[in-house]
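Engineer: Below is one structure. I have some questions about it.
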Amino acid sequence: MSESNGRHAEVAGGGFAGLTVATALAQRGWSVTLHEKGDELRAFGAGIVLWHNSLEVLKAIGAYEPLLPKSMVPPFYETRMHNVTQSKEDFWGLEWRTMTRQDLHETLVDAARNSGVDIRVASEVVSADPAGSVTLASGEVRKADLVIGADGVASKVRDSNHFELERTKSRDGITRLIVPRRKEDLGPGEWDNVIDFWNLEPRVLRVLYVPCNDDELYLALMAPIEDKEGSAVPINYDVWVESHPYLAPVLEEAAKIHGRYDGYQTTVLKQWTKGRIALIGDAGHAMCPALAQGAGTAMSNAYTVAVAATEAANADLPQALVDWEARERQITDECQERSAWFAETRSMAKGNQFTPQMLETARYDPTTREMISVG
Ligand code: FAD
Ligand code: 3HM
């Protein structure tokens, strides 16, 4: 644990954003209390892809090494249209890894605890004051030099302060599940690749196949919201296997689990900060998942806000947060736009989508503010 700097932060939300910022602050001498409204600390969703940007953050907070044995680097990100390979991309060696959300979350909880963060479960933040306090559902008011709203897409820290926002919903959505790999039953093939199976005819049904480790496979099944059969949970096995017969063994496993179908959406805020409050992650910049950067940008902005707040004198903190937003925001805004464009056009189906420009967010290192060149 590091020497105290005499300052205190209150963090709302125990997701990837909240755990990362809490850890980075505690490692810089802040006393940090993190409030998670759920009765236990757990990850929502199934699997996740992380890239250079967030992997550098994990390295900086000491959470990278513990994650290595629990995650993997697939040889290629392959895109198929009607089961015909369109592209196999390796991002010119830019680092990326796949893992289950549970494994990432547990690693971040360990890092937060080891750094001295006071984590409280069943503790809901109902509002926040830009002068520096949060109010809990219990009625307790807790003062802080810094308040972080990392409380997800329905953020109460944000909404209690009437941050101006625009929300756009897409026509598609996705059901996410973790299933056993069953590699042998899938038959011969490059089953360690991430494989993005697109079928646009006779109906739009896409399976994103993401191996996370030797045993677990993340399946993301995309269908339009208006397709009641395609978006049903538990999944309609007959519909999915007719569209993707070569995935029968893993679809059979998917049909055994309930899963959850989420529509794609984007939330853009006019400002991310107000006084001593900063919003990060889905509270501030929820996005469509096409570029797999919602958590990546959450962790990147979590790290940089912790650094910016620490470097500022306490009296200057509100201005330091404004400056932080001005410095870091563009890369997230562009990522939101690009991900929304992919969702809108479904043009990932063509393959070769990860151009150096589309990988801009992934190429950024928030710990040095350098951009890696690829291609
Ligand atoms: P959340 O994960 O929503 O965490 C918020 C936490 O706050 C929760 O634990 C919640 O219980 C708690 N909470 C809520 N309200 C309160 C309150 N009032 N008080 C206290 N606690 C509260 N991102 C990637 O980087 N890579 C991917 O591959 C990827 N794939 C995705 C696939 C899909 C289909 C989707 C929908 C998203 C994907 N994302 C991906 C995005 C990523 O999941 C999110 O951006 C990320 O989880 C946001 O983290 P967060 O901590 O901001 O919010
Ligand atoms: C990793 C990942 N990539 C893309 C999507 C998508 O476009 O829905 C979802 C993902 O989990």
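Engineer: How many residues does segment 6-22 contain that are more than 17 Å from the chain's Cα centre (by Cα) and in a strand (DSSP E or B)?
Structural biologist: The qualifying residues number 4.
Engineer: A further question on this structure: Identify, by number, the condition in (1) crowded, with 19+ Cβ neighbours inside 10 Å; (2) of a type in the set (S, T, N, Q); (3) touching a strand residue (DSSP E or B) at 6+ places or on another chain (Cβ under 6 Å) that residue 265 doesn't meet.
Structural biologist: (1)
Engineer: Turning to a different aspect of this structure: Can you pull out the residues in segment 209-230 that are touching a Gly at 6+ places or on another chain (Cβ under 6 Å) and closer than 23 Å to residue 100 by Cα?
Structural biologist: 210, 212, 218, 223
Each row is one residue, and each column tells you yes or no for (1) in the same structural domain as residue 14 (by TED's automatic domain parsing); (2) more than 16 Å from ligand 2 (Cβ to nearest atom); (3) among the β-branched types (Val, Ile, Thr).
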residue: 230; (1), (2), (3): no, no, no
residue: 274; (1), (2), (3): yes, yes, no
residue: 279; (1), (2), (3): yes, yes, no
residue: 284; (1), (2), (3): yes, yes, no
residue: 300; (1), (2), (3): yes, yes, no
residue: 311; (1), (2), (3): yes, yes, no
residue: 314; (1), (2), (3): yes, yes, no
residue: 322; (1), (2), (3): yes, yes, yes
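Engineer: Please find, among 72, 81, the residue that is of a type outside the set (Gly, Ala, Ser), in contact with a Pro (Cβ under 7 Å, 6 or more places away or on another chain), farther than 18 Å from residue 118 by Cβ and surrounded by fewer than 24 Cβ atoms within 10 Å (Cβ to Cβ).
Structural biologist: 72
For (1) at pLDDT 95 or above; (2) over 24 Å from the mean Cα position of the chain (by Cα); (3) farther than 18 Å from residue 178 by Cβ, each residue gets a yes or a no:
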| position | (1), (2), (3) |
| --- | --- |
| 233 | yes, no, no |
| 237 | yes, yes, no |
| 259 | no, no, no |
| 267 | yes, no, yes |
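Engineer: Which numbered condition in (1) without any contact (Cβ under 8 Å) to a residue 24 or more places away in the chain; (2) surrounded by fewer than 16 Cβ atoms within 10 Å (Cβ to Cβ); (3) within 19 Å of residue 367 (Cα to Cα) is the only one that residue 62 fails?
Structural biologist: Among (1) without any contact (Cβ under 8 Å) to a residue 24 or more places away in the chain; (2) surrounded by fewer than 16 Cβ atoms within 10 Å (Cβ to Cβ); (3) within 19 Å of residue 367 (Cα to Cα), residue 62 violates only (1).
Engineer: Within segment 51-87, which residues are within 27 Å of residue 240 (Cβ to Cβ), of a type outside the set (Gly, Ala, Ser) and within 18 Å of the chain's Cα centre (by Cα)?
Structural biologist: Result: 72, single match.
Engineer: Of all residues in segment 185-209, how many are of a type in the set (S, T, N, Q) and assigned to a loop (DSSP other than H, G, I, E, B)?
Structural biologist: Summing the residues that are of a type in the set (S, T, N, Q) and assigned to a loop (DSSP other than H, G, I, E, B) in segment 185-209 gives 1.
Engineer: Any residue at all in segment 27-45 that's of a type in the set (Phe, Trp, Tyr) and within 21 Å of residue 262 (Cβ to Cβ)?
Structural biologist: Yes, segment 27-45 contains a residue that is of a type in the set (Phe, Trp, Tyr) and within 21 Å of residue 262 (Cβ to Cβ).
Engineer: Looking only at residues in segment 242-294 that are within 12 Å of ligand 1 (Cβ to nearest atom) and part of a helix (DSSP H, G or I), which one is nearest to residue 127 (Cα to Cα)?
Structural biologist: By that ranking, first place goes to 283.
Engineer: Quick test of your reading of the structure: residue 46 fulfils all but one of (1) under 23 Å from residue 206 (Cα atoms); (2) over 19 Å from the mean Cα position of the chain (by Cα). Name the failing condition by number.
Structural biologist: It is condition (2) that residue 46 fails.
Engineer: Looking at segment 160-172, I want the residues that are modelled with pLDDT of 95 or more and have a partner that is of a type in the set (Lys, Arg) with Cβ atoms under 6 Å, at least 6 apart or on another chain. Which pairs are those?
Structural biologist: 161/274; 164/270
Engineer: Moving to a separate point now. Considering only segment 133-149, how many residues are among the acidic types (Asp, Glu) and either within 19 Å of residue 306 (Cβ to Cβ) or surrounded by 16 or more Cβ atoms within 10 Å (Cβ to Cβ) (or both)?
Structural biologist: 1
Engineer: In addition: Would you confirm whether any residue within segment 299-318 is assigned to a loop (DSSP other than H, G, I, E, B), modelled with pLDDT of 95 or more and under 13 Å from the mean Cα position of the chain (by Cα)?
Structural biologist: Checked segment 299-318: no residue is assigned to a loop (DSSP other than H, G, I, E, B), modelled with pLDDT of 95 or more and under 13 Å from the mean Cα position of the chain (by Cα).
The values are calculated or read from the model by the stated rules, or taken from the named source; none is laboratory data. Computed from a predicted structure; not experimentally measured. Here the Cβ is made from the backbone with ideal geometry for all residues, glycine too, and neighbour counts use every protein chain on show.
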